[in-house]
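Student: Input: one structure, supplied below.
The values are calculated or read from the model by the stated rules, or taken from the named source; none is laboratory data. What you are looking at is a predicted structure, and each value in this text was computed from that prediction instead of being measured. Here the Cβ positions follow ideal geometry from the backbone for every residue, glycine too, while neighbour counts run over all protein chains shown. Surface accessibility is based on the protein's heavy atoms, side chains included, excluding ligands, DNA and RNA. Shrake-Rupley method; radii C 1.70, N 1.55, O 1.52, S 1.80 Å.
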Amino acid sequence: MEAVEDIVIAGAGLAGLATALGKGVRSLVLESSPTLRASGFAFTTWTNAFRALDALGVGDKIREHHLLYDRMVTFSAATGEAAAKVSLKMQGKSGPHEIRCVKRDFLLQTLENELPQGTIRYSSRIVTIEEDGNVTVLHLADGSTMKTKVLIGCDGVNSVVAKWLGLPKPILSGRSATRGLAEYPAGHGFGPEILQFIGQGFRSGVLPCSDTSVYWNYTWYPSPADGDAEESVAKMRSYVLAKLRGAKIPAAALGVIERSEMSEVVSSPLRFRSPLALVRGSISRGGVCVAGDALHPMTPELGQGGCAALEDGVVLARCLGDAFAGGHEGVAAALGRYAEARRWRSVQLITAAYVVGFIQQSNNVVVKFLRDTFLSPLLAKTLVAMADYDCGTL
């Protein structure tokens with residue numbers, strides 16, 4: 001008889017690797033690229049993500065290499081003045097908050113190292129999916145096929161699995177993002193704090209990862225006036241620096257961008273899943289479900305995309321670990337419980353991120369006045385509040 005895999009995970013991103021680390025049943029992870037993909041350089045890893053990482057047994061390995069933040073400071077790009085200062089040492093519902101900026105490649109490699117050898121099969125891209133009784137048949141780009149009892153789509157914003165489930169394509173937000181990472185072998189001199197610069201149609205952040213590396217990001221509304229900025233890394237860097245020099249941005253922050261490494265993917269259009277699509281749509285069906293960006297692509301204002309993917313992995317691994325011995329019906333019910341647990345959390349995060357981004361980057365006179373006068377502290381506290389969440393243990 002043809003072998004049937006117990007669990008196949010499409011995509012070796014954060015959600016896929018976190019799920020594969022779960023207890024109970026060994027998974028096979030199919031990754032379309034030839035190596036682990038670490039696009040984005042780094043990401044803000046909030047309290048909720050560290051609770052997930054602790055559940056997976058790797059939290060301390062990440063803490064050892066990344067700075068713990070004391071506070072977040074939001075500056076007006078128009079005046080250069082601090083519009084909000086929020087302590088990140090406050091107590092949450094389940095203990096003290098903990099926020100760091102974690103290098104994506106380091107985290108992915110740490111998760112991979114915890115998996116049994118051979119768990120990830122690289123250069124393996126699913127192109128079509130079909131049902132065959134109680135199993136799912138996967139057709140791969142190399143012409144091969146395989147069968148699995150459970151298929152978990154962690155295959156990103158262009159997910160083949162999400163499309164098969166009937167979820168609509170993510171929506172373009174009208175904004176784009178670029179980012180980079182600067183290394184300072186002798187030390188960078190920044191304190192343990194998140195620096196945000198908001199206004200004049202953009203949002204930018206400077207976040208130390210360690211004593212010798214600093215991550216930065218920049219989001220804006222693209223327009224024909226941008227010219228050829230997206231033709232190359234050099235032109236994009238010049239474009240970002242020109243925009244920031246035209247605002248009240250400290251020289252040290254500009255220096256991070258000047259010396260940084262940037263991705264060959266010069267910029268990325270920001271997309272999000274419609275919250276209504278998640279309310280009405282299918283997150284799971286039978287032995288198939290989605291997680292990570294395949295489930296809840298969101299704009300980056302909350303810094304919760306990667307964090308939520310880690311939550312997904314822990315919740316999904318727990319559901320599967322508890323139910324797999326019950327046969328296919330048990331697994332289908334477990335995926336249904338996972339879907340309901342993650343549906344409203346995803347809707348909440350996507351909606352909050354979009355609203356925060358709209359307010360932060362709006363050029364409307366009234367919104368700008370409210371943002372710079374009243375709303376900046378509230379928006380900063382919203383970021384902390386969204387991270388006060390515990391996905392539980394395995």
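Student: Restricting to region 228-251, and then to whatever is of a type in the set (G, A, S) and in contact with a helix residue (DSSP H, G or I) (Cβ under 8 Å, 6 or more places away or on another chain), can you tell me which residue is surrounded by the fewest Cβ atoms within 10 Å (Cβ to Cβ)?
Tutor: S238
Student: So T212 fits all but one of (1) within 21 Å of the chain's Cα centre (by Cα); (2) among the polar types (S, T, N, Q); (3) open to solvent by 30 Å² or more (accessible area, probe 1.4 Å); what number is the exception?
Tutor: The single condition T212 does not satisfy is (1).
Student: Which of (1) at pLDDT 95 or above; (2) open to solvent by 50 Å² or more (accessible area, probe 1.4 Å) does P170 not meet, given it meets every other one?
Tutor: (2)
Student: Out of curiosity, is F75 touching a His at 6+ places or on another chain (Cβ under 9 Å), modelled with pLDDT of 95 or more and either open to solvent by 10 Å² or more (accessible area, probe 1.4 Å) or under 29 Å from A141 (Cα atoms) (or both)?
Tutor: no
Student: Here's another thing I want to ask about it. List, please: which pairs have Cβ atoms under 6 Å, are six or more places apart or on different chains, and start with a residue in region 107-121 that is over 17 Å from S32 (Cα atoms) and end with one that is crowded, with 16+ Cβ neighbours inside 10 Å and of a type outside the set (K, R)?
Tutor: From residues that are over 17 Å from S32 (Cα atoms), the pairs are T110/V58; L111/L17; E114/L21; L115/A20.
Student: Okay, next question. Just one of T219, T178 is among the hydroxyl-bearing types (S, T, Y), assigned to a strand (DSSP E or B) and more than 23 Å from T79 (Cα to Cα); which is it?
Tutor: The unique qualifying residue is T178.
Student: May I ask you to list the residues in region 1-31 that are in contact with a strand residue (DSSP E or B) (Cβ under 8 Å, 6 or more places away or on another chain), surrounded by fewer than 23 Cβ atoms within 10 Å (Cβ to Cβ) and of a type outside the set (A, V, I, L, M, F, W, C)?
Tutor: E2, E5, D6, R26
Student: Could you list, ordered by first residue, the pairs with Cβ atoms under 8 Å in which the first is in region 294-309 and under 19 Å from K381 (Cβ atoms) and touching a residue at least 40 places away in the same chain (Cβ under 8 Å) and the second is open to solvent by 10 Å² or more (accessible area, probe 1.4 Å) and of a type in the set (S, T, N, Q), at least 6 apart or interchain?
Tutor: T299/S173; P300/N217; L302/T382; G303/T44; C307/T44
Student: For region 344-377, which residues satisfy the criterion of being surrounded by fewer than 18 Cβ atoms within 10 Å (Cβ to Cβ), in contact with a helix residue (DSSP H, G or I) (Cβ under 9 Å, 6 or more places away or on another chain) and not in a loop (DSSP other than H, G, I, E, B)?
Tutor: Matches in region 344-377: W344, Q348, T351, V355, F358, V367, L370.
Student: Mind listing just one residue for me: the one in region 186-209 that is assigned to a loop (DSSP other than H, G, I, E, B) and closer than 16 Å to A252 by Cα and, of those, least open to solvent (accessible area, probe 1.4 Å)?
Tutor: It comes out as C209.
Student: Out of (1) more than 30 Å from K149 (Cα to Cα); (2) in contact (Cβ under 8 Å) with a residue 24 or more places away in the chain; (3) not in a helix (DSSP H, G or I); (4) not acidic (D, E), what's the single condition that is false for C289?
Tutor: Of the numbered conditions (1) more than 30 Å from K149 (Cα to Cα); (2) in contact (Cβ under 8 Å) with a residue 24 or more places away in the chain; (3) not in a helix (DSSP H, G or I); (4) not acidic (D, E), the odd one out for C289 is (1).
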